[in-house]
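The values are calculated or read from the model by the stated rules, or taken from the named source; none is laboratory data. Quick caveat, the model's predicted, so the values are computed rather than measured. All Cβ positions, glycine included, derive from the backbone under ideal geometry; neighbour counts span all protein chains shown. Remember, those area values only see protein heavy atoms, side chains included, never the ligands or the DNA or RNA. Shrake-Rupley method; radii C 1.70, N 1.55, O 1.52, S 1.80 Å.
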Amino acid sequence: MLSKTAKRRREEILRAAEDIILTKGFGKASMDVIAERAGCTRRTLYSYFSSKDVMFAELFERHAVSQKYAKVQKSIEGLDFETALFQGFKLSIQLMRKDALMHEFMYGGGAYWFQQQMMDDSSPIFQRTLLVNLSFWGGVIDDARLKGYIDTEVSNEQMMKWYGTVQYMMVVRVKTTQAEADFLLKKFIIPSLVNHAK
């Protein structure tokens, strides 16, 4: 458990990293530059974060949780599973595209790095994304499974790994129109997750 001072220092480091990414770009956010902005040494950075990837994964998770999931949660309340999946996919993609930090990670200077992270199941970003999606969708999936909407052979983790990968692909396909994205969700993605033979 971190002390109040350690928590405050950790927050300062994360704010410094985010500020550099947003003002100077992903490529300028080296550990040296982040340490200088945070007013600490590289050694201090590494005492809080084992790597830059881990630090950036935490920033990404914070934005996913604070900027996206509260709004998505509200938008799917009371909806049936299939409609909730559609609405949740659609809104989360729109919100991710609008978030400045996520934009720099996925389209800007961090695009190549982010793509490598999302294609590696063991990477910090992929693991954080998986945990966020499991915490958000877990209860919804469990309820849908009880009602027979999901194949019992597919685990929540398998489903969320696939969901996160497809979500990322849809976010970065910026030239896809909303109508095309909706069609893809309704005719391909959602039917592959929902058991219509119940």
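Things to note:
- For the residues Asp99, Asp120, Asp143, Asp80, the requirement of being in contact (Cβ under 8 Å) with a residue 60 or more places away in the chain and open to solvent by 10 Å² or more (accessible area, probe 1.4 Å) singles out Asp143.
- Filter result for the condition that a residue is assigned to a helix (DSSP H, G or I), touching a Pro at 6+ places or on another chain (Cβ under 8 Å) and not small (Gly, Ala, Ser), over Phe60, Phe86, Phe56: Phe56
- Filter result for Glu104 (charged (D, E, K, R), out of contact with any helix residue (DSSP H, G or I) (no Cβ under 6 Å at 6 or more places or on another chain) and at pLDDT 90 or above): no
- Each residue in segment 169-197 was checked for being under 28 Å from Gly148 (Cα atoms) and of a type in the set (Ser, Thr, Tyr), and 1 of them qualify.
- Residues of segment 13-30 that turn out to be under 17 Å from Tyr46 (Cα atoms) and either part of a helix (DSSP H, G or I) or among the polar types (S, T, N, Q) (or both), as a count: 7
- Residue check, Gln158 within 28 Å of Trp113 (Cβ to Cβ), open to solvent by 90 Å² or more (accessible area, probe 1.4 Å) and not charged (D, E, K, R): yes
- When restricted to residues that are surrounded by 14 or more Cβ atoms within 10 Å (Cβ to Cβ) and either touching a Gly at 6+ places or on another chain (Cβ under 6 Å) or in contact (Cβ under 8 Å) with a residue 40 or more places away in the chain (or both), segment 10-47 contains 7.
- Among residues of segment 147-158 that are under 15 Å from Leu85 (Cβ atoms) and of a type in the set (Lys, Arg), those with a beta-carbon under 9 Å from a residue that is open to solvent by less than 90 Å² (accessible area, probe 1.4 Å) and at pLDDT 90 or above at least six positions away or on a different chain give the pairs Lys147/Phe81.
- Reported count of residues in segment 126-163, each being modelled with pLDDT of 90 or more, closer than 29 Å to Ala100 by Cβ and of a type in the set (Val, Ile, Thr), is 1.
- Test: Ala197 is among the small types (Gly, Ala, Ser) and modelled with pLDDT of 85 or more: no
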